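**Q** Questions regarding the structure given below will be posed in turn.
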Amino acid sequence: MNTQTNFASLGLAEPLLRAIAETGYTAPTPIQAQAVPQVLKGGDLLAAAQTGTGKTAGFTLPILHRLLESPASQATAGRPRCLILTPTRELAAQVEESVRTYGKYTKVRSMVMFGGVNINPQISALRKPLDILVATPGRLLDHAQQKTVDLSGVEILVLDEADRMLDMGFIRDIRRVLALLPKNRQNLLFSATFSDEIRELAKGVLDNPAEISVARRNTASELVKQSLIMVDQAHKRDMLSHIIRESGWHQVLVFTRTKHGANRLAEKLSKDGLTAAAIHGNKSQAARTRALSGFKDGKVAVLVATDIAARGIDIDQLPHVVNFELPNVPEDYVHRIGRTGRAGSEGSALSLVDRSEIKFLNAIEKLIKRPIDRGTLEGWTPPAVVDAPDERESRNFRRIGTGRAHNQNRRPAAGEPARRSSPGRGTDQARQARPAQSRQGAGARRRDPART
Ligand code: AMP
């Protein structure tokens with residue numbers, strides 16, 4: 001491969017190149033440079049790539065090319081030639097949007113289907129000829145059972161974010177879908193990591209696959225500036241409001257651990273005068289879509305999400321991610337911060353960490369193999385009134401309000417001046433959450449009393 005790889009040199013058809021040119025992409029990302037030729041060759045593929053690497057175009061472009069190359073002998077309603085399975089509705093919608101974007105100068109027809117919405121419009125859509133079907137497994141099986149979809153013509157199968165599908169317990173559904181597909185087909189499996197379970201699944205699905213990998217396993221994106229601030233759980237919301245306002249953040253994705261926590265936080269941030277919305281599995285699809293499009297259009301500045309709901313949210317150049325609570329599964333931290341710093345743009349990931357979360361922090365730093373910069377926040381003092389933790393949270397955060405000596409953000413003692421910043425002074429997170437030891441080494445970490 002020459003060093004000046006461009007899309008044309010990958011051998012993609014002219015209508016696709018035209019659509020790519022319109023997106024403004026100048027060169028393929030590494031996953032695209034590797035995946036496109038492999039898929040065009042027609043063999044099976046096992047690819048390790050996280051979201052943010054450009055993996056979606058890495059499979060949709062060559063699939064579109066292959067479908068153009070060998071047009072169907074006859075158009076048949078509800079009988080797709082390519083099936084793309086994804087773990088979540090959001091990801092399904094976004095993948096299909098990519099198919100439409102890259103396929104806009106072709107006659108390839110695509111459709112997306114997922115649960116949580118009325119099935120009837122999907123049944124009507126399936127009465128028309130179809131080339132590419134993007135689906136979540138449960139709803140696809142509903143259609144298969146009702147015989148509104150016919151999977152016997154699938155020539156290409158994609159399992160996107162297969163690791164997530166396994167995490168979410170879809171393995172049985174996947175096997176049931178596989179049983180409905182013709183034996184002779186091309187299979188592509190994309191996963192952020194190659195765990196033993198993924199290898200096991202790959203063994204059953206893929207035939208002599210080419211293997212490609214673009215990011216080292218569990219490596220946090222180099223483009224994401226990671227920092228954390230130690231703060232009592234009860235003060236987090238006030239601190240977050242302060243940071244968002246003072247820094248002038250206009251698009252920030254905030255993660256909470258629970259759906260209830262997401263709702264509560266979005267409500268409180270709204271009361272603080274910020275435009276905020278929550279997105280999680282208990283919300284109707286319409287509410288999720290509304291929140292997501294408001295966030296994309298800039299009408300909603302703060303989107304509060306749980307891990308599963310946020311999976312696959314694809315926003316170009318999302319500048320800020322905040323972990324309002326650290327995830328208890330360390331890999332989720334990597335997924336979360338992967339929402340920013342995508343495809344070459346810089347991003348920031350800030351974690352607000354209560355002392356009760358230190359065990360999660362330790363596990364995350366072990367996984368990413370480096371300490372996260374500790375920051376302090378100038379110009380903010382904890383409010384006298386704190387957020388009352390709800391029952392569930394109080395089990396996790398019992399020590400609220402104790403041990404201020406460990407807290408860099410303690411309230412000033414009597415006679416000590418509060419360090420208030422003038423409103424609108426800072427516009428940069430680096431100034432607000434300035435790393436205490438920006439190149440913190442192992443020695444500095446041992447001295448941090450909160451870590452013992
Ligand atoms: P993905 O990993 O598929 O979720 O893609 C991440 C982001 O990268 C999406 O917002 C794409 O629009 C963008 N992207 C994909 N391919 C390229 C490319 N070749 N150059 C620049 N951006 C890209």
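**Q** Relative contact order, percent, of the range 8-213 when contacts are C-alpha pairs under 8 Å separated by at least 6 residues?
**A** Working: 358 pairs, mean separation 59.5, N = 206.
Relative contact order for the range 8-213 comes out at 29 percent.
**Q** Please list, ordered by chain and number, the residues whose modelled amide H lies under 5 Å from the amide H of residue 351; skip anything fewer than 5 residues away on the same chain.
**A** Answer set, sorted by chain and number: 227, 228, 229, 323.
**Q** While we're here: Gain in length, residue 329 to residue 100, computed as 0.36 nm per residue apart minus the alpha-carbon separation, to one decimal in nm? Mind dumping the intermediate values first?
**A** Numbers: separation 229, 0.36 × 229 = 82.44 nm, distance 3.44 nm.
Value of the extension gain: 79.0 nm.
**Q** Continuing with the same structure: Only Lys, Arg, Asp and Glu count, each charged at its Cβ (+1, +1, -1, -1), so figure out the dipole size of the range 220-375 about its Cα centre, rounded to 20 debye.
**A** 340
**Q** Oh, and also: Tell me the trypsin sites (Lys or Arg not before Pro) within the range 107-183 that lie in a loop according to DSSP and have at most 13 other beta-carbon atoms within 10 Å. Please report the intermediate quantities before stating the final value.
**A** Details: sites: 107, 109, 127, 139, 147, 164, 172, 175, 176, 183; in loops: 107, 109, 127, 147, 183.
In loop regions of the range 107-183 (DSSP not H, G, I, E or B), the sparsely surrounded trypsin sites (Lys or Arg not before Pro) are 107, 127, 147, 183.
**Q** Which GluC sites (Glu not before Pro) does the range 129-232 hold that lie in a coil by DSSP with at most 13 other beta carbons within 10 Å? Don't skip to the end; give the middle numbers.
**A** Numbers: sites: 155, 161, 197, 200, 211, 222; in loops: 155, 161, 222.
Listed in order of number, the matching sites are 222.
**Q** Tell me, what ³J(HN,Hα) does each residue in the range 175-188 have, in order and in whole Hz, if you take phi through Karplus 6.51 cos²θ - 1.76 cosθ + 1.60 with θ = phi - 60° and put x for Gly and Pro?
**A** 5, 5, 5, 4, 5, 8, 9, x, 5, 8, 7, 9, 10, 10
**Q** Using Cα positions and a limit of under 26 Å, work out the lysines in reach of residue 259, with same-chain residues fewer than 8 apart set aside.
**A** 236, 268, 271, 283, 296, 299, 359
**Q** If the cut-off is 18 Å between C-alpha atoms, which lysines fall inside it for residue 366, apart from same-chain ones fewer than 8 positions away?
**A** 225
**Q** Just how many pairs of Lys in the range 8-213 have C-alpha atoms closer than 24 Å, counting pairs that are eight or more places apart or on different chains?
**A** Lysine pairs meeting the criterion: 13.
**Q** Could you give each residue of the range 227-243 its phi-based ³J(HN,Hα) in whole Hz, using Karplus coefficients 6.51, -1.76, 1.60 with θ = phi - 60°, and x for Gly or Pro?
**A** Coupling constants for the range 227-243: 8, 9, 10, 7, 7, 4, 3, 5, 9, 4, 4, 5, 5, 4, 4, 4, 4 Hz.
**Q** Pull out the extension gain between residue 180 and residue 290, defined as 0.36 nm times the separation in residues minus the alpha carbon to alpha carbon distance; nm, one decimal.
**A** 36.2 nm
**Q** With a cut-off of 8 Å between alpha carbons and a minimum separation of six or more residues, what is the relative contact order of the range 220-375 in percent? Don't jump to the answer; show the numbers that get you there.
**A** Details: 293 pairs, mean separation 55.5, N = 156.
That works out to 36 percent.
**Q** Follow-up question, since we're still on this one. With a sphere of radius 14 Å drawn around the Cβ of residue 72, what net charge do the other residues whose Cβ falls strictly inside it have (Lys, Arg +1; Asp, Glu -1)? Kindly include the intermediate steps, with their values, before the conclusion.
**A** Working: positive: 66, 79, 81, 107, 109, 128; negative: 69, 131, 150, 155.
Neighbourhood net charge equals +2.
**Q** Moving to a separate point now. I need the shape label for the range 19-103. Rule: rounded when a/c is under 1.5, else prolate if a/b > b/c, else oblate, with a, b, c from the alpha carbon gyration tensor. Display every interim value, and only then the final one.
**A** Details: a/c = 1.45, a/b = 1.30, b/c = 1.12.
The shape class here is rounded.
**Q** How big is the range 68-137 in terms of Cα radius of gyration and Dmax, in angstroms?
**A** When restricted to Cα atoms, the range 68-137 yields Rg and Dmax of 11.9, 35 Å.
**Q** For residue 113, which sequence-distant residues (separation of 5 or more, or a different chain) have an amide H within less than 5 Å of its own amide H, given hydrogens modelled in the peptide plane?
**A** 134, 135, 136
**Q** Quick query: amide H of residue 278 versus all other amide H atoms, modeled in the peptide plane; which residues come in under 5 Å with a sequence gap of 5 or more or a different chain?
**A** Result for residue 278 returns 304.
**Q** Return the sequence-ordered ³J(HN,Hα) values of the range 152-163 in whole Hz as given by the Karplus equation 6.51 cos²θ - 1.76 cosθ + 1.60 applied to θ = phi - 60°, using x for Gly and Pro.
**A** 6, x, 6, 9, 10, 10, 10, 9, 9, 6, 4, 4
**Q** What shape does the range 220-375 have by the C-alpha gyration tensor, where a ≥ b ≥ c are the square roots of the eigenvalues, rounded means a/c under 1.5, and otherwise prolate means a/b greater than b/c and oblate the rest?
**A** Working: a/c = 1.44, a/b = 1.27, b/c = 1.13.
Note, shape of the range 220-375 comes out rounded.
Readers should treat all values here as calculations from the given coordinates under stated rules, not as data from a laboratory. Source: prediction; values computed, not measured. Ideal geometry is used to build each Cβ from the backbone, glycine not excepted, and the neighbour counts take in all protein chains shown.
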